[in-house]
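Asker: What follows is a structure written as structure tokens; I'll ask about it next.
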Amino acid sequence: MIRIAICEDEKILLNQLADQVKFILDRHSMEYTLELFTSGSALFIYGSFDLLLLDIAMEPLNGLKLAEKLRMRGDDCKLVFITAHPQYAIDAYDVQASHYLTKPVDTAKLESVLLKLCTSMQTERKCAIAIRQGTAVRRIPFGQILYLEVINRKIHLHTKNEILPFYGKLEELEPALPETFFRCHRSYIVNLSHVQRYDKKDIWLCNEEQIPLSKRRYQAFGLRFMNYLKESGDVF
């Protein structure tokens, strides 16, 4: 399910664009939800979406300022700007906009953009984990994750550059992870692709971080890690 929002302060144009989006996605049997907003402030308060279609020339909060605020709070949604003023195109890329469409919106062009982005998001979801932090949602590619750790009822996702805490349970998350991840301890899941070495008590990662390996999971971890190395071509 792809969560889509349209923000346009002119209601007639908002409804016209909504009808175009529905026509396109229904024709291609896409699963989606669609929310409509006539102000950037209302959209910002509402929460997060996967894809936003934003008019730029809105008052008092225009589309570019709204996008800046979304990016500042960590929202990595796809952005498509829609406006009658082509001179804003360069500014749109400062907030990592995916596309820029001019009014009146051509249905064929909109269809091309929507299908490209929806297909991209479907692919990303198979290769990433989505975590919610406040009202923002971030997608972290599996390959960037070193390990997941439970601290005080929160899961802490560790990458090489940051630690991202979010609410969840390892038991619920584990089935959604690819086979490169292994539950090495009741409070830890490690990404085998970042393991450097291990012994009967600990696992060392490529960045020299050390995490525990439980005694009862030691043998299973060794077998899984060796299979991973064989499959990746590191051991013959």
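Asker: With +1 on each Lys and Arg Cβ and -1 on each Asp and Glu Cβ, how big is the dipole of the chain about its Cα centre, in debye rounded to the nearest 20?
Answerer: Numbers: 31 positive and 30 negative charges, 234 e Å.
So the magnitude is around 1120 debye.
Asker: Specify which labelled value, from (1) 22.1, 72; (2) 19.1, 66; (3) 21.8, 67, agrees with Rg and Dmax of the Cα atoms in Å derived from the coordinates of the model shown.
Answerer: Checking each listed value against the structure points to (3).
Asker: Can you tell me the orientation of helix 63-72 relative to the chain, as the angle in degrees between its alpha-carbon axis and the longest Cα principal axis, to the nearest 10?
Answerer: On a 0 to 90 degree scale, this one is about 10.
Asker: While we're here: 222 nm [θ] for the chain, helices only, -39500 (n - 2.57) per DSSP H run of 4+, per residue, to 500?
Answerer: -10000 deg cm²/dmol
Asker: Taking the solvent-accessible surface of protein heavy atoms with a 1.4 Å probe, what is the per residue accessible area of the chain in Å²?
Answerer: Per-residue accessible area for the chain comes out at 55 Å².
Asker: Let me ask you something else. Any idea which of Gly63, Gly222, Tyr188 is furthest toward the positive side of the dipole for the chain, if Lys and Arg beta-carbons carry +1 and Asp and Glu beta-carbons -1?
Answerer: Value: Gly222.
Asker: Sorted by packing (mean other beta-carbon atoms within 10 Å per residue), highest first, where do 73-80, 97-104 land?
Answerer: Listed from highest to lowest mean packing, they are 73-80, 97-104.
Asker: Pick from Ala128, Ala18, Ala42: which is most flexible by mean-square fluctuation in a GNM of the chain where alpha carbon atoms under 10 Å apart are linked?
Answerer: Ranking Ala128, Ala18, Ala42 by mean-square fluctuation puts Ala42 first.
Asker: Something else about it: Quick check on my link table: of Lys78/Lys103; Lys11/Lys116; Lys22/Lys103; Lys78/Lys126, which ones sit more than 25 Å apart, alpha carbon to alpha carbon?
Answerer: Cα-Cα > 25 Å for Lys11/Lys116; rest within.
Asker: Moving to a separate point now. Using the C-alpha atoms of the range 18-86, what convex hull volume per residue, in cubic angstrom, is computed?
Answerer: Taking the convex hull of the Cα positions in the range 18-86, it is 102 Å³ per residue.
Asker: May I ask you to give the average projected area over all directions of the convex hull of the Cα atoms of the range 101-236, in nm² rounded to one decimal?
Answerer: On the way: hull surface 45.2 nm².
Over all viewing directions, the range 101-236 projects a mean Cα-hull area of 11.3 nm².
Asker: How much of the accessible area of the chain, probe 1.4 Å, is carbon plus sulfur, in whole percent?
Answerer: 51
Asker: Can you compute the charge dipole magnitude of the range 110-223 about its Cα centre, using +1 on each Lys and Arg Cβ and -1 on each Asp and Glu Cβ, nothing else charged? Give it in debye, rounded to the nearest 20.
Answerer: For this selection, approximately 300 debye.
The values are calculated or read from the model by the stated rules, or taken from the named source; none is laboratory data. Here the structure is a predicted model, which is why all the values come from computation and not from measurement. Reconstructed Cβ throughout: ideal geometry from the backbone, glycine too, with neighbour counts over all protein chains shown. Heads up: the accessible areas ignore ligands, DNA and RNA and are worked out on the full protein's heavy atoms, side chains in. Shrake-Rupley method; radii C 1.70, N 1.55, O 1.52, S 1.80 Å.
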